[in-house]
Amino acid sequence: MLQINPQIEKYIIDHTSDEDPVLAELNRRTHLDTVHPQMLAGKMQGRFLEFISRMISPENILEIGTFTGYSAICLSKGLRQHGHLYTIEKNDEMISFAAGFFKKTGLTDRITQLSGDARKIIPSLNCMFDLVFIDAEKSEYCDYYNLVIEKVRPGGWIITDNVLWGEKILESTAQTDNSTRGIVEFNELVYNDDRVENLILSIRDGVMLIRKK
Ligand SMILES: C[S@@+](CC[C@H](N)C(=O)[O-])C[C@H]1O[C@@H](n2cnc3c(N)ncnc32)[C@H](O)[C@@H]1O
C-alpha cells in the first residue's frame with residue numbers, strides 16, 4: 001500500500017459511508033478465516049468500485065480474481081436491470097466462501113462464478129464487457145489485458161488494482177521480483193496502446209482506469 005498520513009486515512013474511512021451489513025460481515029469473516037485478508041478491497045475501495053459501476057451502469061462486468069467476493073458484490077451494485085457479473089477465481093476454497101455471501105446478498109442469479117485459471121477461461125467467454133476489473137496475479141496482468149481487450153466494447157472500461165505496488169514500481173528492474181516486473185510491464189503496455197486512454201490514481205495501492213476508444 002502507498003504511504004498516506006494515518007490520520008488522513010482514518011479521516012477518509014470515518015467519513016465514507018459505512019458498508020452494508022453483508023459486506024461488513026464478509027470483511028470480518030475474511031479477516032478471521034483467510035491467510036491474506038489484505039487482498040480484500042475493503043470499505044473505501046469497495047465504495048469506489050461500486051460508484052464507478054453505478055456511473056457506467058454496465059450490462060456485463062468481468063472480474064478477474066474473486067477472492068472472498070467483496071469487490072464482486074460492490075461492482076454488481078451498479079449493474080443495469082438484467083445485467084450480469086462474471087467473476088473468475090482459481091482457488092476452489094475461495095469460490096465456495098464467496099458463493100455463500102453472494103447468496104446472502106440475493107445476487108446468485110446476477111453473478112456467475114467461473115472456476116479456473118483466468119488465462120484459460122477468458123478466451124472461452126462469448127460476450128462483450130462494459131467493465132472489467134483486473135485484480136489477480138500481478139505477474140499475469142499483461143496476459144489478462146491482452147486476452148480481454150478485444151472483449152471490451154468501444155467506450156468500455158477496465159479498472160486495474162495495485163498498479164503502484166507499494167511503490168516497488170520505482171525500483172531498478174535488476175532488483176525486482178516477478179510481480180513487480182509484471183506490474184511495470186503492464187503499466188508500459190497500456191500507456192503505449194493506441195486503442196485506449198488511461199489514468200493512474202494514487203488511491204490505496206494505485207488504481208488504473210482504462211477507457212477503450
Ligand atoms: C487480490 S485477490 C482478489 C481480491 C478481490 N478482487 C477483492 O477485492 O475482494 C486475487 C485473487 O486472484 C486469484 N487468482 C490469482 N491468479 C489467478 C488466475 N490466473 N486465474 C484466476 N484467479 C486467480 C487468487 O486466488 C486470489 O483469490
Around residue 140, with a cut-off of 13 angstrom between Cβ atoms, what is the net charge of the other residues, counting Lys and Arg +1 and Asp and Glu -1?
0
Hey, got the dipole for the chain? About the Cα centre, +1 on K and R Cβ, -1 on D and E Cβ, debye to the nearest 20?
560
Lysine pairs in the chain with Cα distance under 16 Å, only those 8 or more apart or on different chains: how many are there?
10
Just to be sure I understand the model, the point goes 7 Å from the Cα along the line to the Cβ. What's the resulting residue 3 to residue 203 distance in nm?
2.3
Whole-Hz ³J(HN,Hα) from phi, Karplus 6.51 cos²θ - 1.76 cosθ + 1.60, for segment 203-213, glycine and proline x
9, 6, 9, x, 10, 9, 9, 10, 10, 7, 5
Of all the accessible heavy-atom surface of segment 1-77, with the other protein chains kept in place and a 1.4 Å probe, what percent is carbon and sulfur?
57
Part-to-part distance (alpha-carbon centres) for segment 104-139 and segment 152-186, which is given in Å
20
Given 0.36 nm per residue, what is the gain on full extension from residue 185 to residue 124 after removing their alpha carbon distance, in nm?
19.5 nm
Give me the dipole magnitude in Debye, nearest 20, for segment 128-213 about the Cα centre, with unit charges on the beta carbon: positive for Lys and Arg, negative for Asp and Glu.
340
Assuming R0 = 45 Å, can you tell me the calculated FRET efficiency for the pair residue 82 and residue 139, based on Cβ-Cβ distance, to the nearest 0.05?
0.80
List the chymotrypsin sites (Phe, Trp or Tyr not before Pro) in segment 152-211 that DSSP assigns to loop (not H, G, I, E or B) and whose Cβ has at most 16 other Cβ atoms within 10 Å. Which are they?
none
Where in segment 83-120 does the amide nitrogen come within less than 17 Å of the point 7 Å from the Cα of residue 28, taken along Cα to Cβ?
101-102, 104-105
Mind running the shape call on the chain? Use the C-alpha gyration tensor, a ≥ b ≥ c as the square roots of the eigenvalues: rounded below 1.5 for a/c, prolate if a/b tops b/c, oblate otherwise.
rounded
Is it possible to state the helix-based mean residue ellipticity at 222 nm for the chain, with each DSSP H run of 4+ residues giving -39500 (n - 2.57), the sum divided by total residues, to the nearest 500 deg cm²/dmol? What is it?
-11500 deg cm²/dmol
Would you tally the net charge around residue 177, using a Cβ to Cβ cut-off of less than 10 Å, leaving residue 177 out, and scoring K and R as +1, D and E as -1?
+2
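The values are calculated or read from the model by the stated rules, or taken from the named source; none is laboratory data. Only a predicted model underlies this, so the values are computations on that prediction, with no experimental measurement involved. No Cβ is skipped: glycine too gets one built from the backbone with ideal geometry, and neighbour counts run over all protein chains shown. Remember, those area values only see protein heavy atoms, side chains included, never the ligands or the DNA or RNA. Shrake-Rupley method; radii C 1.70, N 1.55, O 1.52, S 1.80 Å.
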